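Chemist: Just dropping this structure here.
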Amino acid sequence: MTIDSILPIPELFSAKRILCIQPHYDDNDIAAAGILTQLARNGTELFYLTATNDLMGVIDTSLSEEQATQALKQDQYAAAKIVGVKEQYWCDYPDAGEYNYFDLRRDFLKYIRMLKPDLVFAPDAWLAYEAHRDHIQTGRAAAEAVMFAGLTRIASSDPDVDSTYEPHSILGVALYYTREPNYIADITSTWEEKIAAVRCYKTQFDPDGMEQLAFALDMKSQQVAQGQIFPRGEPLKVLHPSALHCGI
Ligand SMILES: [Zn+2]
C-alpha cells in the first residue's frame with residue numbers, strides 16, 4: 001500500500017460536477033479557462049462562485065455601482081458561454097474590503113453542500129508573495145470548506161441547506177495560481193477559447209491592459225509547458241481533501 005492509494009490525487013476528468021470558487025469575476029478564467037473548457041466539453045457541469053463584488057477593478061469611474069455590477073456580469077456571462085459554465089453564484093463581499101473570514105467560509109460551505117461538487121477549484125492561498133487578501137481569504141476558506149463540508153456541526157450560512165444535506169465525498173481540490181503544481185493541464189486545444197473568454201472582461205481592463213494580460217498569459221502558458229510534450233499548459237496543485245491537513 002502506498003500513500004497515493006490512500007489519498008489518490010483526483011483525476012480531473014472523472015468529475016461530473018465542479019465548483020470553481022474565485023475571489024473576483026475573472027480569476028477562474030484567467031487561471032484555468034483552458035482546462036475548464038475541456039472539462040465542460042467532456043460533460044462536466046461547471047459552477048462558478050465569486051466571493052467579492054469586484055467593484056474596485058472597474059475602470060469606468062462614471063458607472064454607478066449598479067451599472068458596474070451589470071457590466072461585470074455581462075462580461076462574465078459572455079465568457080461563461082465560451083467556457084461552458086452552467087451556473088453562476090455570487091457572495092458579493094466588498095472587493096479589497098473588510099469582511100469576515102468565517103462568513104466567507106460559511107457561504108462556501110453552503111454552496112458546496114448545495115451543489116455537491118466532485119471537485120473544487122480555487123486559488124492557491126499559499127502562493128508565495130500573494131499580497132491580495134481577497135485571493136488569500138478565498139483560497140483558504142475554499143480549502144477549509146472542502147475539508148469541513150461533511151461535518152454538519154460546522155454551520156453553513158443556510159440552515160435549510162445544512163438540515164437537508166446528505167454527506168457526499170469530494171474527490172479533491174485543484175488549486176490554481178500556484179507555483180507548486182503537481183499537474184500541468186495540456187490546454188493546447190482550448191487556448192483560443194481561453195483567450196477569447198479572458199478578453200470578455202472588458203469592464204476591468206482597458207485595451208492596453210488587456211493586451212498586456214493576453215501577452216503575459218501567452219508567455220506563461222508556454223513557460224509552464226517546458227519539459228512537457230505539449231506547447232501550452234495551465235499549472236494546478238491537485239490534492240485529495242485529506243492532504244489539506246497536517247501535511248499528510
Ligand atoms: Zn482576483
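The values are calculated or read from the model by the stated rules, or taken from the named source; none is laboratory data. These figures come from a predicted structure and were not determined experimentally. Glycine also receives a Cβ, built like all others from the backbone with ideal geometry; neighbour counts cover every protein chain displayed. When the accessible area is computed, the model is the full protein with side chains, heavy atoms only, and any ligands, DNA or RNA have been set aside. Shrake-Rupley method; radii C 1.70, N 1.55, O 1.52, S 1.80 Å.
Chemist: Take the Cα of S242, step 7 Å along the line toward its Cβ, and report every residue of segment 2-17 whose backbone nitrogen sits under 12 Å from that point.
Modeler: 2-9
Chemist: Among 33-40, 70-77, 149-156, 127-134, what's the highest-first ranking by average C-beta atoms within 10 angstrom per residue?
Modeler: Descending mean neighbour count gives 33-40, 70-77, 149-156, 127-134.
Chemist: Find the lysine pairs in the chain meeting two conditions, Cα atoms under 13 Å apart and a separation of 8 or more places or different chains, and report how many there are.
Modeler: Numbers: K16/K86; K16/K116; K73/K81; K73/K202; K81/K194.
Going through the chain pair by pair, I get 5.
Chemist: Which of the peptides 160-167, 25-32, 99-106 is most tightly packed, and how do the rest follow, judged by the mean count of other Cβ atoms within 10 Å per residue?
Modeler: In descending order of packing, they fall as 25-32, 99-106, 160-167.
Chemist: Would you mind counting up the charge near H135? Only other residues with Cβ under 14 Å from its Cβ, with Lys and Arg at +1 and Asp and Glu at -1.
Modeler: Once positives and negatives cancel, what remains is -4.
Chemist: If the only charges are +1 at each Lys and Arg Cβ and -1 at each Asp and Glu Cβ, what is the size of the charge dipole of segment 81-209 around the Cα centre, to the nearest 20 debye?
Modeler: Values: 14 positive and 21 negative charges, 42 e Å.
The dipole of segment 81-209 has a size of about 200 debye.
Chemist: Give me D for segment 132-177 in µm² s⁻¹, whole number, from Stokes-Einstein with Rh from the Kirkwood sum over alpha-carbon pairs, 20 °C and 1.002 mPa s.
Modeler: 179
Chemist: Could you run the Karplus curve 6.51 cos²θ - 1.76 cosθ + 1.60 with θ = phi - 60° over segment 141-147 and give me ³J(HN,Hα) per residue in whole Hz, x for Gly and Pro?
Modeler: 3J(HN,Hα) across segment 141-147, in whole Hz: 5, 5, 5, 5, 5, 4, 5.
Chemist: Continuing with the same structure: Using a 1.4 angstrom probe on heavy atoms only, work out the carbon and sulfur share of the accessible area of segment 118-248 in %. Provide the component values of the computation, followed by the final result.
Modeler: Details: 3710 of 6850 Å².
The computed percentage sits at 54.
Chemist: Given a 1.4 angstrom probe, what's the average accessible area per residue across segment 1-155, in square angstrom?
Modeler: Per-residue value: 45 Å².
Chemist: In sequence order, what are the phi-derived ³J(HN,Hα) couplings for segment 224-240 according to the Karplus relation 6.51 cos²θ - 1.76 cosθ + 1.60 with θ = phi - 60°, rounded to whole Hz, with x for glycine and proline?
Modeler: Once rounded to whole Hz, the list reads 6, 8, 4, x, 9, 8, 10, x, 9, x, 10, x, 9, 9, 9, 10, 5.
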